[in-house]
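Single-structure report; data block below.
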Amino acid sequence: MNAPTSAGATARPSPLARALRYLYRVPLLAWHLLVDLPVVLLLITPPTRNLRWNGEPLHDRLVRAWSSGLLRVFGMRSQRTGTPLPGGVMFVANHVTWLDIVSLHSQRMVGFVAKREIRGWPLVGWMAERAGTIFHARGNTESLGGVLREMRSRLNAGQAVGVFPEGGTRAGDQVGPFHARIFLAAVEAGVPVQPVALRYGKGGSAQTVVAFARGENFLSNFLRLLGEPGRVVEVHFLEPIPPGMAEGRRRIAELARSRIVQVMEG
């Protein structure tokens, strides 16, 4: 699967334009971290975290609002297609960048499965832990067993979980194979799986721009994206795979990937 590209998406921003973006985005980022974040953390702790706002838990609404605000700091605006399922559901998405979690959280509160290294990332790791992230040591069978148990527990309790079945980020130009074992939690809990296609830039024109460059770590990617031109983030909630529709986790993984790839190639 080749991601769409365009000259506007791949062109290197001029140093002056990048400097101007830093000039106003850095103060916005500081405000979002030093003012907005403490307010959100205060309101999502007992006793206020269990309050509801228009039928939605206050905790979930505030996480969505803060995530949307962080996207705006980076000059991004989310554009949703489709509707996320309520209640216990497994969301599965293609994995491009650390912003994937922020993009999905701007639409629906989800407890993600993420690699354990993220816990040590500045800001993002700290926020991920407080957003209910389930951390996994990749390549560790015992860790995966614990992750699957926690996922089943949350799904049975009517909570949503989110996974990136590719197992890691890629260069943004393709959707890799989906690991089927992670779908076992949805099969055993008897909940639907909803694929989600994430596209950066109109029609996915900036997939390779937001993805980690070769040798780029989290901090350097964070700073680079802070100076990038504003872009749309397309979050496509696709047709769910209901419990029992497909036989076995491998078939569910294939269906979920094919639906995501169809959007990415569209």
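Its residue count N sets the reference 2.2 N^0.38 Å, and the alpha-carbon radius of gyration of region 174-261 equals 1.34 times that reference.
Beta-bridge orientation, region 7-264: approximately 30 percent antiparallel, per DSSP, counting only bridges with both partners inside.
Farthest towards the positive end of the charge dipole of region 7-264, among the residues PRO86, GLY215, VAL193, is the Cα of GLY215, using unit charges on the Cβ of Lys, Arg, Asp and Glu. Using +1 at the Cβ of each Lys and Arg and -1 at the Cβ of each Asp and Glu in the chain, identify which of GLY167, LEU33, PRO243 lies farthest towards the dipole's positive end. Of GLY167, LEU33, PRO243, it is LEU33. The spacing between region 183-257 and region 24-73, judged by their C-alpha centroids, is 23 Å. Each residue of region 25-120 gets 136 Å³ once the volume of the Cα convex hull is shared out per residue.
Note on SER153 and TYR22: the model spin-label points, each 7 Å out from Cα along the C-beta direction, lie 4.5 nm apart. Per-residue ellipticity at 222 nm computed for the chain from its helices equals -12000 deg cm²/dmol, with DSSP H segments shorter than 4 residues left out and the rest contributing -39,500 (n - 2.57). About its Cα centre, region 153-266 has a charge dipole of approximately 100 debye under the convention of +1 per Lys or Arg Cβ and -1 per Asp or Glu Cβ, with nothing else charged. Dipole magnitude for the chain: computed about the Cα centre from +1 point charges on Lys and Arg Cβ and -1 point charges on Asp and Glu Cβ, it is near 340 debye.
Strictly greater than 26 Å: what percent of every Cα pair in the chain meets that? Counting every Cα pair in the chain, those more than 26 Å apart make up 40 percent.
Each peptide in 107-115, 22-30, 153-161 receives the mean, over its residues, of other Cβ atoms within 10 Å, and ordering these scores from highest gives 107-115, 153-161, 22-30.
May I ask you to work out the translational diffusion coefficient for region 133-233 at 4 °C, viscosity 1.567 mPa s, via Stokes-Einstein with Rh from the Kirkwood sum over Cα pairs, reported in whole µm²/s? In µm²/s, the coefficient rounds to 82.
Each value in this text was obtained by applying a stated rule to the coordinates, not by laboratory testing. Predicted model only: the values in this text are computed from it and were never measured. Here the Cβ is made from the backbone with ideal geometry for all residues, glycine too, and neighbour counts use every protein chain on show.
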